[in-house]
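What follows is calculated from the coordinates using simple rules that are stated; it is not laboratory data. Quick caveat: nothing in here was measured; it's all calculated off a predicted structure. No Cβ is skipped: glycine too gets one built from the backbone with ideal geometry, and neighbour counts run over all protein chains shown.
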Amino acid sequence: MLGFDSVGAFYGLQSMLALMEKGDAEILPWVAIEDAPRFEYRGVMVDVARNFHSKEAILRTVDQMAAYKLNKLHLHLTDDEGWRLEIPGLPELTDVGSNRCHDLSETSCLLPQLGSGPTTENFGSGFFSKADYLEILRHAKARGIEVIPEIDMPAHSRAAVVSMEARYKKYAEQGDLVKAEEFRLMDPMDTSNVTTVQFYDKRSFINPCMDSSMNFVNKVIDEVKAMHDEAGMPLSTWHFGGDEAKNIKLNAGFQDLNASEPVAWKGSIDLSQQHKPFAKSPMCQKLIEEGTVSDFGHLPSYFAERVSAVVADKGIENFQAWQDGLKYSKDASAFKTENTRVNFWDVLYWGGDASAYDWAAKGYDLIVSNPDYVYMDMPYEVDPKERGYYWATRATDTRKMFGFAPENLPQNAETSLDRDGNGFNGKGTVVYKGGFHGLSAQLWSETVRTDEQYEYMVFPRVIAAAERAWHKADWELDYQAGKQFNQDTNHVNKEAQLQDWTRFANVMGQREMAKLDASGINYRIPVPGAVMQEGKLRMNISMPGLPLQYSVDGGKTWADYSAPVAIEDASKVQVRALSADKQREGRAVSL
């Protein structure tokens, strides 16, 4: 077995292990495999900020990432709802920012959010200690996986802002104003009326115009970098976050109260009383007046550029962000690091099929991260018993993720629908002949409260994302500016796509799910299909090989299904599937 480097040899070993049948460790087929990854960046993002997920769950995920040759673990460590990493020297970030409880002053914890309740005894609270983070880093390094920490700013930063306000209050009461102001993140004179996408106020933002904000940035990066150095995994990528630094009430959902031609479905408010973030901050007003920044809308990108300079000065090669956080920068040359990456998350049917190529053409390393195809917080299927958001798509199952064409984004308009079940037009307008840098699947955790729910949402569909990140399918067409795709075009070889999916689904059901069982992964068991025909119950499942069962008494007793079975009274028939090891039952449905 040969590999370009140690990681390549490790991947070769994974391919060898994948060929082994359970119980036949000494038997291998004679094959010759020449393989190489499609993308350099093959990632999984896990949000541990909205609801915390344990170190043990992350380590199990790292093991599965290694098995399927995913090489970037992007940890979303901070957000409005929680700060999840111990930072030596700033204990308030975890003493206050990692806990949710009923403290109206928010000096001991953040207020309850996302259904976490008044106590800290749930996944609304929690953090990785330094020792925890070092263990994750070492575990990942041993498996060829880079850990990318994301400290989201300037928006989505309420946990940090509130924590540093608690720190300010503590030292101010002690009379040490210098220490109190050292890491403060909010301009106390800022009277901006702002509502974020998650309906927080101005305390959701780190003020980019304060020297103390840059003190905070330097301190956090230094401490995280020191942890990476101690673990033997030098910090090579800093994720800035940068997304959604805006006032949602200044966007399309609202109109001015006195509009001459009101739109019936829009809310009506006095827009003159709504402000862009930082618009009423004297410190930021000074920067605008001096011409340092052209207007308030450009402040988030200005802050990103400043942080990139800090990152570069510390010898970190890559600066990464969600693309909307950099939208007012000229192009990738505005940033000081060797490379600037963007997680591209525009929805395809709202123009993302075209705008992705514009970002790539501006010199950014584009990582395809589209919500409508590779966000794993969306439901698996349209059913009230399936958890998840639906703002980007009503559902994304394993087959849809497998059928995603990540480099020819317009193509997906021919093979999938928008969130309302309607067709849409896909047409790239930018002439771009380069490739993208990577693909990342995201798990946001607003609706995902436990480790079991987390694994259910991620597995098995993340394996389909891994397939697309490693291998370009024959049915994927090359991007061609101006070529249009929709439900009426016939450019894609759908028969080839179906055959490819059939092969993949059979491998999943007959081999890979058993491996997940052996690893203790709480994956989602697909819901079977069932129909009564000529008095017989007929069943199948999207991943053939998984055991099927049926009940004729409303779920009181169950029988194994192997072939069509005659049933006299179908009124109480229910069906379900089992895990490959038959130790867990999937969701039962009635006919």
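Could you pull out the pairs from Lys170/Lys225; Lys72/Lys141; Lys69/Lys336; Lys494/Lys536; Lys336/Lys427 whose alpha carbons sit more than 22 Å apart here?
Cα-Cα > 22 Å for Lys170/Lys225; Lys69/Lys336; Lys494/Lys536; Lys336/Lys427; rest within.
Using a Förster distance of 60 angstrom, determine the FRET efficiency expected from the C-beta separation of Asp270 and Ile567, and round it to 0.05.
So the FRET efficiency works out to roughly 0.40.
Just tell me, in residue order, which DSSP H segments of the chain are both 15 angstrom or longer along the helix axis (alpha-carbon based) and at least -0.5 in mean Kyte-Doolittle hydropathy.
Helices passing the filter in the chain: 6-19, 55-67, 211-231, 299-313.
With charges set only on the Cβ (+1 for Lys and Arg, -1 for Asp and Glu), what does the dipole of the chain come to about its Cα centre, in debye to the nearest 20?
520
So how many Å³ per residue does the convex hull of the Cα atoms of the range 529-590 work out to?
On the way: hull volume 4.8 nm³, N = 62.
Considering the Cα atoms of the range 529-590, their hull volume per residue is 78 Å³.
Given the DSSP H assignment, sum -39500 (n - 2.57) over each helix run of at least 4 residues in the chain and divide by its residue total; what's the result at 222 nm in deg cm²/dmol, nearest 500?
My calculation for the chain gives -8500 deg cm²/dmol from helical runs alone.
Under 19 Å from the Cα of Lys286, which lysines turn up, not counting those fewer than eight places away in the same chain?
Hits, sequence-local ones excluded: Lys202, Lys276.
Need the list of aspartates and glutamates near Lys55 for cross-linking: C-alpha distance under 15 angstrom, and skip anything on the same chain fewer than eight residues off.
Asp47, Asp63, Glu86, Asp132, Glu135, Asp451, Glu452, Glu455
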